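The values are calculated or read from the model by the stated rules, or taken from the named source; none is laboratory data. Keep in mind that what you see is a predicted model, and the values were worked out from it rather than measured. Quick reminder, even Gly has a Cβ in these numbers, built from the backbone with ideal geometry, and neighbours come from all protein chains shown.
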Amino acid sequence: MQAKNLKNRIPERIGSWQNGRWVTPAAGAQDLPVINPASEAVICLLAEDDSASVDSAVAIAKATFQSGIWSRAAVSERKGVLLKIRDLVVEQAEELAQLEILSTGIPISQARRRHLPRAAMNFEFFAEFISQTADRLYDQNPDYLTLVRHEPVGVAGLIAPWNAPLALATMKLAGAIAFGNSCVLKPSEMTPLPFVRLMEILKIAGVPDGVVNLVNGRGPVTGQALVANADVDIIAFTGGTATGRAIGELAGRGLKRVVTELGGKSANIVCADADIERAVESAVLAGFGNNGQQCLAGTRLLLQRSIAAEFLDLFLTRVRSLRIGLPSDATTEIGPLISSAQLERIQSFGNDARNDGVEILAGGKPADLKPGYFFEPTVVHAQSNSQRVCCEEIFGPFVTVLEFDDFDEALSIANDSEYGLVAYVWTNNLGQAMKAADELRTGVVWINTPVYRELRAPFGGFKHSGVGRDGGDWSRSLFTESKTISIPRQDFPLAQLADSK
Ligand code: NDP
């Protein structure tokens, strides 16, 4: 799609989507600029939804849920609509990818290869899942049949981050509506663009008006109003750990069901017996994919000392050759960071590292490219896992190297973190691989592979990386209430309160 045509598809001012149409923002709604991080130019304005606007979206979602138009629709009908959404996302993938990269700075090749296929897959997966999942029947008691049904909960508040807007938001959205819920989605205020198109796709695909509503604005304003609304039954949140804690507290007061998928500081352990070339390329993907702005980034690269020099030689050659450039260029491997605030934050890690005696092996400063929030792909060598670059989530193209002598030491360094989202292990020793699978305190362990997401399996974190999981049965638990129904198999004598004889 040509940039000129794309421009015609972006409204000058984005409002909220309620009951199947765009709503004119209230007089006095605050306008926020949506910035292109590659040019620092304003793309359009976003009218922030205040609590009155959020309450209206929730009321619509609740009324739609209660009407039964979607919550009681046949599974085959919901499946058909979800598959139609999948088809439309595939058909319009190029436009959606262009909209996504405009405000995120993600390189177009990664949006095309990873983000859009994943968004389409989210709808396909839940379409198939609901048509294949059966409920349980207990017939062990000869007098009773007891069956368990899963019913939609009600209204889900879905809060998504900016780093992979479509892929992450559609995982929640597809799960919520597949099981019959209505929802109100709040993306990051920095990345609203692809959702403008997505709402229209949902309507064309046949999602009844009012089932999916979209509100826009900053977390502490719009997001908080959504979490605080008493008619929201579930909060599904992906974002930072500090925000997750605040949301958990507020949602807890309302006794809402909450799942939080939060930050990480994941270890990528490379043992001396690993396939070094594969491990090098995967370390590049894990550290610098999505401009390094990914929760599952392998940011602590733990190298066995005997191969550290050889590994670093290959790794640094590859890192120094990464092509930094405009997200729209198909050959770009590293685009700009999301915002000037993020650029400053990451720069502070570079500066602190220097002051802390950490050796900078590559990068460590903003890239020589202006305008735009570009930062050089950075690799630093730390001395101890307690240094700041090893403890805090940096969320940029920034990998910290540590060395270890034996495998137990590597596992102990990997586990020495407040986070526990994922871990990568590279070894050809089956015993070591199994030990890692047993002992790593993370929600996912990838052995001899870069990122792989199996949607049937749970995804989520140990420790401060989150509470709860999504994927397959875990999404079903989140988005449904289970109900137990017992029926006598025949008329047997009823128990009496007292013996009447
Ligand atoms: P934030 O926590 O800043 O924001 C996430 C979302 O929550 C945004 O939509 C934000 O709105 C909103 N928000 C912020 N404050 C509140 C509040 N008080 N109440 C309600 N909503 C609020 O995270 P980022 O957007 O910066 O995303 C990066 C973080 O997300 C990283 O820590 C990363 O590790 C994590 N992440 C985790 C994943 C996982 O699966 N575990 C996957 C991807 C990212 P707004 O931005 O508009 O202010």
Which residue, of Trp446, Trp474, is over 26 Å from His150 (Cβ atoms), without any contact (Cβ under 8 Å) to a residue 60 or more places away in the chain and of a type in the set (Phe, Trp, Tyr)? Trp446
All but one of (1) under 30 Å from Gly154 (Cβ atoms); (2) among the polar types (S, T, N, Q); (3) over 17 Å from the mean Cα position of the chain (by Cα) hold for Ser475; which doesn't? (3)
Take Glu151 and decide whether it is in a strand (DSSP E or B), over 16 Å from Leu173 (Cβ atoms) and over 15 Å from the mean Cα position of the chain (by Cα). yes
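Suppose we filter the stretch 72-96 for residues that are small (Gly, Ala, Ser) and within 28 Å of Gly217 (Cα to Cα); how many remain?
Kept after step one, since they are small (Gly, Ala, Ser), are these residues of the stretch 72-96: 73-74, 76, 80, 93.
In the following step, the residues that additionally are within 28 Å of Gly217 (Cα to Cα) were identified as 93.
Adding up the residues that qualify gives 1.
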The stretch 154-169 - residue that is part of a loop (DSSP other than H, G, I, E, B) and over 21 Å from Pro327 (Cα atoms) and, of those, nearest to the ligand (Cβ to nearest atom): Ala160
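So, restricting to strands (runs of 3 or more DSSP E) that lie completely within the stretch 325-426, which ones have at least 1 residues that are under 21 Å from Leu285 (Cα atoms) and under 27 Å from the mean Cα position of the chain (by Cα)?
378-381, 398-404, 422-426
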Tally of residues being among the small types (Gly, Ala, Ser) and more than 13 Å from Gly298 (Cα to Cα) across the stretch 419-442: 4
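Going by the structure shown, is Glu277 surrounded by fewer than 23 Cβ atoms within 10 Å (Cβ to Cβ), more than 29 Å from Ile101 (Cα to Cα) and away from the ligand (no atom under 14 Å from the Cβ)? Please lay out each step first, then the result.
Values: surrounded by fewer than 23 Cβ atoms within 10 Å (Cβ to Cβ): yes; more than 29 Å from Ile101 (Cα to Cα): yes; away from the ligand (no atom under 14 Å from the Cβ): yes.
Here the answer is yes, as Glu277 does meet what is asked.
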Residues in the stretch 229-246 that are more than 8 Å from the ligand (Cβ to nearest atom), crowded, with 17+ Cβ neighbours inside 10 Å and of a type outside the set (Asp, Glu): how many? 5
Quick check on Pro194: is it buried (at least 24 other Cβ atoms within 10 Å of the Cβ), at pLDDT 95 or above and either of a type in the set (Lys, Arg) or within 11 Å of the ligand (Cβ to nearest atom) (or both)? no
Could you list all residues from the stretch 197-228 that are within 12 Å of the ligand (Cβ to nearest atom) and assigned to a loop (DSSP other than H, G, I, E, B)? Val215, Asn216, Gly217, Arg218
One residue from Pro37, Pro107 being of a type outside the set (D, E, K, R), outside the structural domain of Phe375 (by TED's automatic domain parsing) and touching a strand residue (DSSP E or B) at 6+ places or on another chain (Cβ under 9 Å): Pro107
Considering only the stretch 450-480, how many residues are more than 15 Å from the ligand (Cβ to nearest atom) and not β-branched (Val, Ile, Thr)? 7
If I filter the stretch 170-187 down to residues being touching a residue at least 40 places away in the same chain (Cβ under 8 Å) and within 10 Å of the ligand (Cβ to nearest atom), which single residue comes out as nearest to the chain's Cα centre (by Cα)? Met171
May I ask you to list pairs of residues, at least six apart or on different chains, whose Cβ atoms are under 7 Å apart, with the first in the stretch 368-388 being assigned by TED's automatic domain parsing to the domain that holds Arg320 and the second being assigned to a loop (DSSP other than H, G, I, E, B) and basic (Lys, Arg)? Glu376/Lys365
Hey, any hits in the stretch 114-123 for a residue that's within 16 Å of the ligand (Cβ to nearest atom), outside any helix (DSSP H, G or I) and on the phi < 0 side of the Ramachandran plot? no
All but one of (1) basic (Lys, Arg); (2) under 13 Å from Phe375 (Cα atoms); (3) within 16 Å of the ligand (Cβ to nearest atom) hold for Arg320, so report the exception by its number. (3)
